[in-house]
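J.: Attaching a single structure in structure tokens format; questions to follow.
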Amino acid sequence: SLVPEDLFPLAAQPNTAFVAPQVLVNVDHTMDVVMEETFGPVAPIMKVSGDEEAVQLMNDSKYGLTASVWTKDQEAFEALVDKIDAGTVFQNRCDYLDPGLAWTGVKHSGRGVSLSKYGFDQVTRAKSVHIKIVA
């Protein structure tokens, strides 16, 4: 295991709902863990030949909630962002929500927006009130 199990003793206890994080290697584009949305502490890592193949594989999904690009090259990251078909794109992380930024998805993950002004707009409705003061 790439993640030491002793760091997560709760996961070893019987009858717990806690799951220790897992990093999966030697995965491919036919596996459910790569093609489906996985809402758990699981990170599949797949080697690609370069940026073009990475973007093509990332976009070859019916989902598009988040994407994560790991690079030290800021310009390379910025060149990829608009090519990636996901509502939220992270650089060098995949675990952070900022209340000031919209949390949204596209394709089968695109069911509205949460967080930020845009999320607030999803759950509120404007109301106009016109008053004429009569003396």
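The values are calculated or read from the model by the stated rules, or taken from the named source; none is laboratory data. This structure is a prediction, so every number in the text was calculated from the model and none was measured. Positions of Cβ are backbone-derived with ideal geometry, glycine not excepted, and every protein chain shown enters the neighbour counts. Each accessible area value is taken on the protein alone, full model and side chains, heavy atoms only, with ligands, DNA and RNA left out. Shrake-Rupley method; radii C 1.70, N 1.55, O 1.52, S 1.80 Å.
J.: So is Phe39 without any contact (Cβ under 8 Å) to a residue 24 or more places away in the chain, touching a Phe, Trp or Tyr at 6+ places or on another chain (Cβ under 9 Å) and in a loop (DSSP other than H, G, I, E, B) or not?
T.: Taking the combined requirement at face value, the residue does not satisfy it.
J.: Could you check region 109-133 and list, in sequence order, the residues that are open to solvent by 100 Å² or more (accessible area, probe 1.4 Å), among the hydrophobic types (A, V, I, L, M, F, W, C) and more than 25 Å from the chain's Cα centre (by Cα)?
T.: Val129, Ile131, Ile133 - these are the residues of region 109-133 that are open to solvent by 100 Å² or more (accessible area, probe 1.4 Å), among the hydrophobic types (A, V, I, L, M, F, W, C) and more than 25 Å from the chain's Cα centre (by Cα).
J.: Report whether or not Val55 is surrounded by 11 or more Cβ atoms within 10 Å (Cβ to Cβ) and either among the basic types (Lys, Arg) or farther than 30 Å from Phe120 by Cα (or both).
T.: yes
J.: Continuing with this model, one more query. Output the residues belonging to region 1-34 that are in a loop (DSSP other than H, G, I, E, B), surrounded by fewer than 10 Cβ atoms within 10 Å (Cβ to Cβ) and not β-branched (Val, Ile, Thr).
T.: Within region 1-34, Ser1, Pro4, Gln13, Pro14, Asn15, Ala17, Asn26 meet the criteria.
J.: Among Asp6, Asp85, Asp28, Asp32, which is the only one that is of a type outside the set (S, T, N, Q) and closer than 28 Å to Lys117 by Cα?
T.: Selected residue: Asp85, the only one of Asp6, Asp85, Asp28, Asp32 that is of a type outside the set (S, T, N, Q) and closer than 28 Å to Lys117 by Cα.
J.: In addition: Search region 109-135 for residues that are within 15 Å of Leu97 (Cβ to Cβ) and pair each with any residue that is part of a loop (DSSP other than H, G, I, E, B) and open to solvent by 100 Å² or more (accessible area, probe 1.4 Å) when their beta-carbon atoms are under 6 Å apart and the residues are at least 6 apart or on different chains.
T.: Final answer for the pair search is Ser116/Leu101.
J.: For region 81-102, indicate whether the set of residues that are part of a helix (DSSP H, G or I) and either farther than 30 Å from Val123 by Cα or not charged (D, E, K, R) (or both) is non-empty.
T.: yes
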